[in-house]
1. Could you list all residues from segment 274-309 that are more than 20 Å from the chain's Cα centre (by Cα) and assigned to a helix (DSSP H, G or I)?
2. Which members of segment 212-229 meet the condition of being more than 29 Å from the chain's Cα centre (by Cα) and within 16 Å of GLY200 (Cα to Cα)?
3. So which residues in segment 202-228 are surrounded by fewer than 18 Cβ atoms within 10 Å (Cβ to Cβ) and assigned to a loop (DSSP other than H, G, I, E, B)?
4. With the condition kept exactly as written, say whether any residue in segment 98-112 is of a type in the set (Ser, Thr, Tyr) and modelled with pLDDT under 95.
5. For segment 163-182, give me each residue that is assigned to a loop (DSSP other than H, G, I, E, B) and in contact with a Lys or Arg (Cβ under 8 Å, 6 or more places away or on another chain).
6. Do we have any residue at all in segment 267-279 that's touching a helix residue (DSSP H, G or I) at 6+ places or on another chain (Cβ under 7 Å), crowded, with 16+ Cβ neighbours inside 10 Å, within 27 Å of GLY185 (Cα to Cα) and modelled with pLDDT of 95 or more?
7. Among ILE224, ILE233, which is the only one that is among the β-branched types (Val, Ile, Thr) and in contact (Cβ under 8 Å) with a residue 40 or more places away in the chain?
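The values are calculated or read from the model by the stated rules, or taken from the named source; none is laboratory data. Quantities reported herein were computed from a predicted structural model and do not represent experimental measurements. A quick note on method: Cβ atoms are made from the backbone with ideal geometry, for glycine too, and the neighbour counts reach across all protein chains shown.
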Amino acid sequence: MSKDTAGRSGLGGNSNEETYDMLVIGAGPTGLACAIEAKRAGLRAVLIDKGCLCNSLFHYPAHMTFFTTPELLEIGDMPFSSPNQKPNRMEALEYYRKVAEHYDLDIRQYESVVSVSGSDGEFVVHTTDRFDRKSEHCARKLVVATGYYDLPNYLKIPGEELSKVRHYYNEPHPFFGLDVLVIGGKNSAAIAALDLWRHGAKVTLVHRGSEMHPHVKYWILPDINNRVKNGEITAYFNSSVTDVREDDLTIATPEGPITIPNHFVFALTGYHPDFRFIEKLGVQLDEANDRCPVCDPATLESNVPGIYLAGVIVAGERTNEIFIENGRFHGKQIADDLQVKLGIRSPAFA
């Protein structure tokens, strides 16, 4: 049972001992959508996140602009008003805060899930907070909506452990006048390279492909290609970084290895879901299908009775298939199934 005190809860925290109908692991846009649909179906729901509300969005680059329009980011039938055709990170964070407040969602922030015990109908989720205090939460059903942004794809090369190597990009100011290398060939790498160059960094780009990925957004691709063509950004294609040291690094190129001076490295080579956590829950991964978790496509219930999956995690390693735009609908699928299985007929909201 929940042993939280009211002072340790997030939004709408509840200190009463109770068993929830649904516990959602992950308080991003998809997790919020799941909790909203649960409340609409008359279910009692709680969300748990190891970070803040929409933790992944919070850690996106400070001036990031979404590649989509505001209405495609909406959840809970709440309008996302923006003067921009494509909203930015700050607008999205404010929007999701307002949604959480409107629906008075029970969100336990900065609480990490350590383990899950029990089974369908009587799960117990064991957590710890920032001060290593332990809590337990009982729930009849679980939803895993943990996304993938917390786990970067590591290079596994000597020197990757150095503090100069970063797997996330935030803003350009600290790198003015420095030799910065960006690894990757997709949107994140292109955006970071352009942003760094425009703010005075000396940028080198390394990508294992023969050119920038064709899926780079249509307004970004010509920009990065022109910077490379003009020699404003130095690029090495069909190449890879093999060793990083304090003051320089080595790149394997088609012409042979080269060593260049370097102050910082941004290894923007993608991210992946927490497959280890999913497997610990007993969820099977389809190794022949890009490690997609086994689940019913209609209800999103996994092979483990009572454990549901939502958001990008459903697509396994194909993280470019599910975004907020389509993952936001997973909550309705799950809530509809739970409403029937738990015998709750009267929705809480009209």
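1. Correct list: GLU287, ALA288, ASN289.
2. ARG227, VAL228
3. Once the filter is applied, which keeps residues that are surrounded by fewer than 18 Cβ atoms within 10 Å (Cβ to Cβ) and assigned to a loop (DSSP other than H, G, I, E, B), segment 202-228 yields ARG208, GLY209, SER210, GLU211, HIS213, PRO214, HIS215, LYS217, TYR218, TRP219, ILE220.
4. No, segment 98-112 has no match at all.
5. Those that are assigned to a loop (DSSP other than H, G, I, E, B) and in contact with a Lys or Arg (Cβ under 8 Å, 6 or more places away or on another chain): PRO172, GLY177, LEU178.
6. The answer is yes; a qualifying residue exists.
7. Only one candidate qualifies: ILE233.
For every residue, the table says whether it meets (1) touching a residue at least 40 places away in the same chain (Cβ under 8 Å); (2) not assigned by TED's automatic domain parsing to the domain that holds ASN225.
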site: LYS156; (1), (2): no, yes
site: GLU160; (1), (2): yes, yes
site: PRO172; (1), (2): no, no
site: PHE175; (1), (2): yes, no
site: ASP179; (1), (2): yes, no
site: GLY184; (1), (2): yes, no
site: ILE191; (1), (2): yes, no
